[in-house]
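Participant: Quick one: the structure is below, and I'll ask about it shortly.
Taken together, the values in this text are just the output of simple stated rules run on the coordinates, not laboratory data. Remember, predicted model here, so these are calculated numbers, not experimental data. Cβ sites come from the backbone with ideal geometry, for glycine too, and all protein chains shown count toward neighbours.
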Amino acid sequence: MTALVAVVACGGDDDDDDNGYRLRNDGNAAAIQPTTSSNGIASRLEVPALKPGNTFVYHNVQYNNHTVMNYCLEFDPVKMHSRWVAFRFDGDTRSKAGNVGRTEAWADDPSLPESMWVGTNYFGGKYNRGHLVASYDRQYCYDANAQTFYMSNISPQIGNFNSCYWARLENLVQKMGRNKSPFTNFQDTLYVVKGGYIDGNLLGWISRPNGKQMAVPGYYFMALLKVKGQADDAGSYAAAGFWIKHEDYPYGDVDDVPLTAFTDRKQVVTIDKLEELTGIDFFHNLPDNIESVVEADLKTGIWLKQ
């Protein structure tokens, strides 16, 4: 298992480059620019535009004799919480090979400096340790699943929200991401960005045993992009955003949540609208002519008929 972080310059830990990005150099990192350069992790379609002052981290695993980027994130060292996580379901990562379950490998993120660790203890009270990249998003190998238990990928979530309402949407995304039936396959690749909104609308803060204060998001979001067909054709793409208030929803079990709940509460939006709500520039690595079309369009039925 290899955990890597973005580096743009040599030097000590937590250097700032000329653009203000906080970058982590732990001696095991690959050198990339946090831009749209063709060689960098930040140029992948699922990776949003980076915010100056935060730390960009990506986690790799070795799978099927090659390196796979498992997921990446942008960590806010003031809120002690990731601003977003990003990953994809593709030929490698959609697999459930080996029937990998929950590893429960709770740990602080080894790619972050210790000053950004919050500890693995339970949050207490009404809050669960909620995954952003879900454990069941990453079942293709043990190491991939273990990395989802890094605390940089964990958010304080109200218990029923975590295990029921948010989980219903996660289950839907997993079903779509793994849908490769020769008769009904949904996509060639599904790109996913998730997060708790921490740039405003906080529910409060949680005190950690090590003295750190961790933000509790007031909203959670997902940005989804699928491609099926020619990558240079806007008609091959479809996108949708979800903007969900963080509260205790009136359902007792994940299977009780109808997909119409998200439309009834007006929680399904265009990517353009989600960008307005979050201040995050999603899918900015698409060609401009495709991005402008796809992010303004919303075909709800494509996403909620699964």
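Participant: Would you mind checking which residues have amide H under 5 Å from Asp281's amide H? H placed 1.01 Å from N; only 5 or more apart, or other chain.
Facilitator: Hits under the 5 Å cutoff: Ala49.
Participant: Too long at a 24 Å Cα-Cα cut-off: which of Lys51/Lys180; Lys51/Lys212; Lys194/Lys226?
Facilitator: Working: Lys51/Lys180 35 Å; Lys51/Lys212 22 Å; Lys194/Lys226 15 Å.
In this structure, Lys51/Lys180 exceed 24 Å between Cα atoms.
Participant: Which residues' amide hydrogens lie under 5 Å from the amide hydrogen of Gly53, considering only partners 5 or more residues apart or on another chain, with H built in the peptide plane?
Facilitator: Tyr21, Arg22
Participant: Then there is this: Restricting things to alpha carbons, find the Rg to Rh ratio for the range 225-267 using the Kirkwood radius for Rh.
Facilitator: Details: Rg = 15.3 Å, Rh = 13.0 Å.
Rg divided by Rh gives 1.17.
Participant: Could you list, in their original order, any pairs among Lys266/Lys299; Lys273/Lys305; Lys96/Lys175; Lys245/Lys305 whose Cα atoms are separated by more than 18 Å? Each step should come with its number before you reach the end.
Facilitator: Details: Lys266/Lys299 14 Å; Lys273/Lys305 22 Å; Lys96/Lys175 12 Å; Lys245/Lys305 22 Å.
Flagged as over cut-off: Lys273/Lys305; Lys245/Lys305.
Participant: Nearest 0.05, what FRET efficiency do Asn179 and Asp199 give at R0 = 30 Å with Cβ-Cβ as r?
Facilitator: On the way: r = 33 Å, r/R0 = 1.09.
After rounding, the FRET efficiency stands at 0.35.
Participant: Another question, if that's okay. Order of Trp303, Trp243, Trp166, Trp205 from fewest to most other C-beta atoms within 10 Å? Present the calculation step by step, with values, prior to reporting the outcome.
Facilitator: Details: Trp303 24, Trp243 21, Trp166 27, Trp205 15.
Ascending Cβ contact count within 10 Å gives the list Trp205, Trp243, Trp303, Trp166.
Participant: Between Leu203 and residues 5 or more places away or on another chain, which pairs have amide H atoms under 5 Å apart, with H built 1.01 Å from N, and which residues are they?
Facilitator: Residues meeting the criterion, in which the H sits 1.01 Å from N, are Val216, Gly218.
Participant: OK, next. For the range 263-272, take each phi angle, set θ = phi - 60°, evaluate the Karplus expression 6.51 cos²θ - 1.76 cosθ + 1.60, and give the result in whole Hz per residue in order, putting x for glycine and proline.
Facilitator: 6, 4, 8, 6, 9, 10, 9, 5, 5, 4
Participant: Provide the gained length on full extension for the span Ile302 to Asp188, in nm with one decimal, where the gain is 0.36 nm per separating residue minus the Cα-Cα distance.
Facilitator: Values: separation 114, 0.36 × 114 = 41.04 nm, distance 1.47 nm.
39.6 nm is the gain from fully extending Ile302 to Asp188.
Participant: Can you tell me the length gained on complete extension of the stretch Val293 to Gln62, counting 0.36 nm per residue apart and subtracting the Cα distance? If you can, show how the numbers build up before the last one.
Facilitator: Numbers: separation 231, 0.36 × 231 = 83.16 nm, distance 3.60 nm.
Result: 79.6 nm gained on full extension.
Participant: Nearest-5 percent of antiparallel DSSP beta bridges in the range 90-304? Write down the numbers at each step before the final one.
Facilitator: Values: 28 of 29 bridges.
Looking only at bridges with both residues in the range 90-304, the antiparallel portion is about 95 percent.
Participant: Please list 3J(HN,Hα) in residue order for the range 207-217, calculated via the Karplus relation 6.51 cos²θ - 1.76 cosθ + 1.60 where θ = phi - 60°; whole Hz, with x for glycine and proline.
Facilitator: Values, residue by residue: 7, 9, x, 8, x, 6, 10, 10, 5, 10, x Hz.
Participant: Provide Glu74, Glu291 in ascending order of the number of other Cβ atoms located within 10 Å of each residue's Cβ, fewest first.
Facilitator: Values: Glu74 27, Glu291 21.
Exposure proxy ranking, most exposed first: Glu291, Glu74.
Participant: Using the scaling law 2.2 N^0.38 Å as the reference, what is the normalised Cα Rg of the range 90-304?
Facilitator: Values: Rg = 17.6 Å, N = 215, 2.2 N^0.38 = 16.9 Å.
Cα-based Rg divided by the globular estimate yields 1.04.
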